[in-house]
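Participant: Submitted below is the structure of interest, expressed as structure tokens.
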């Protein structure tokens, strides 16, 4: 396996990645019991120096249950019958997840509603209140 280039600035060294092939429950026909096509890719995230600390923390929160107790990130792929193709798909999913972690979320700047927006909201409330009040008029003949 060769190094995984995520962006021009970020490359995951091949020595930090490992993968195993296991029997897949997915497609495969008669082949499914003979060939281990499901790929489990593991990246030693806890000891990796490929990412800055802020991106590592963001990746940990994005990955959720894909992080094991040793600090490794595990991704599995079993969508095709080919072990090589499943490995490619797992590497692509890892790269996508890292790219998502590298994009900083836009900071939300708190704003207040404008005077016109407040007026429109209250006017709408008054209109609905009046409509309901008209329905319950007391002149029932």
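Participant: In the stretch 82-99, what residues are more than 12 Å from residue 39 (Cβ to Cβ) and in contact (Cβ under 8 Å) with a residue 40 or more places away in the chain?
Facilitator: If the condition is that a residue be more than 12 Å from residue 39 (Cβ to Cβ) and in contact (Cβ under 8 Å) with a residue 40 or more places away in the chain, then 95, 98, 99 are the ones that fit.
Participant: Mind listing whichever residues of the stretch 55-64 are touching a residue at least 24 places away in the same chain (Cβ under 8 Å) and surrounded by fewer than 16 Cβ atoms within 10 Å (Cβ to Cβ)?
Facilitator: 62 - this is the single residue of the stretch 55-64 that is touching a residue at least 24 places away in the same chain (Cβ under 8 Å) and surrounded by fewer than 16 Cβ atoms within 10 Å (Cβ to Cβ).
Participant: For the structure I just gave you, tell me whether residue 119 is over 23 Å from residue 2 (Cβ atoms), out of contact with any helix residue (DSSP H, G or I) (no Cβ under 8 Å at 6 or more places or on another chain) and surrounded by fewer than 16 Cβ atoms within 10 Å (Cβ to Cβ).
Facilitator: yes
Participant: For residue 55, indicate whether it is in a helix (DSSP H, G or I), touching a helix residue (DSSP H, G or I) at 6+ places or on another chain (Cβ under 7 Å) and closer than 16 Å to residue 7 by Cα.
Facilitator: Judged against the criteria, residue 55 is a match.
Participant: Here is a check on your reading of the model: is residue 39 under 18 Å from residue 89 (Cα atoms) and at pLDDT 85 or above?
Facilitator: It is true that residue 39 is under 18 Å from residue 89 (Cα atoms) and at pLDDT 85 or above.
The rows are residues; the columns are (1) touching a strand residue (DSSP E or B) at 6+ places or on another chain (Cβ under 8 Å); (2) modelled with pLDDT of 85 or more; (3) surrounded by 12 or more Cβ atoms within 10 Å (Cβ to Cβ); (4) more than 17 Å from residue 92 (Cα to Cα).
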site	(1), (2), (3), (4)
17	yes, yes, yes, no
25	yes, no, no, yes
28	no, no, yes, yes
32	no, no, yes, yes
45	yes, yes, yes, no
53	no, yes, no, yes
66	yes, yes, yes, no
69	no, yes, no, yes
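Participant: Oh, and also: Would you check if there is a residue in the stretch 64-86 being in a loop (DSSP other than H, G, I, E, B), more than 20 Å from the chain's Cα centre (by Cα) and within 17 Å of residue 99 (Cβ to Cβ)?
Facilitator: no
The values are calculated or read from the model by the stated rules, or taken from the named source; none is laboratory data. Quantities reported herein were computed from a predicted structural model and do not represent experimental measurements. No Cβ is skipped: glycine too gets one built from the backbone with ideal geometry, and neighbour counts run over all protein chains shown.
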